[in-house]
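Notes to accompany the following structure.
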Amino acid sequence: MANTEPQLALVDIQEPVLNTFWPPAPGWWLLAVLVVLFMAYGFRFFWQKWQKALPLRQAKAELRLINRPEQSAQLNELLKRLVHCYSPRHPVLSAPVQQWQDFLQQQLPQQSLPDLQSLLYKSAPTEGDFSAYLQFATQWLHKVCVKQLERL
């Protein structure tokens, strides 16, 4: 005789899988991507600022090496190169000495600037004129160029 009673199929009890930290939920992936993009943008921003300030840092380093009146032409060339770095088509770069002097004096009107014509083209420039020009150049690098960099 056949057994007509239904057989109960017993299944073992299984515990649910524990939630682990990996793989993270899609929201965490999105947050991680946004953080990486933000960090990349910040790095790029500060890298560009640092690169724009590179000529100014180099000019300040060169300025520390200029300390004798015979180097007044080098000092003048340093200032012109710095203007050329930030504004390659500036008309004062090809202007005569008097217009160059007027341009510099307009940048720092409170600072006295010696006569560049006599300073640059004399066979032996005086120590006083050179030190006044060196002091002017130092002030110009620290005040005017930094302000122009902030505008970039």
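A few notes on this one:
- Cα pair distances of region 111-152 binned at 5 Å [whole percent]: 5, 23, 24, 17, 13, 10, 6, 2
- The number of Lys pairs in the chain with C-alpha atoms less than 24 Å apart, excluding pairs fewer than 8 positions apart on the same chain, is 14.
- Span-rule helices in the chain, defined as complete DSSP H runs reaching 27 Å or more along the axis (Cα) with Kyte mean at least 0.5: 26-52
- Under 18 Å from the Val146 label point (7 Å along Cα→beta-carbon), backbone N, region 42-80: 49-64
- Compactness of region 67-152 as Cα Rg over 2.2 N^0.38 Å, two decimals: 1.05
- Ellipticity at 222 nm from helices only: DSSP H runs of n ≥ 4 in the chain, each -39500 (n - 2.57), divided by the residue count, give -19000 deg cm²/dmol.
- Restricting the calculation to alpha carbons of region 1-127 gives Rg and Dmax of 36.9, 133 angstrom.
- Heavy-atom accessible surface of the chain: percent carbon and sulfur, 1.4 Å: 62 percent
- One compactness figure for region 56-110 is 1.16, namely its Cα radius of gyration divided by 2.2 N^0.38 Å.
The values are calculated or read from the model by the stated rules, or taken from the named source; none is laboratory data. Only a predicted model underlies this, so the values are computations on that prediction, with no experimental measurement involved. As a convention, Cβ positions derive from the backbone with ideal geometry for all residues, glycine included, and neighbour counts pool all protein chains shown. Heads up: the accessible areas ignore ligands, DNA and RNA and are worked out on the full protein's heavy atoms, side chains in. Shrake-Rupley method; radii C 1.70, N 1.55, O 1.52, S 1.80 Å.
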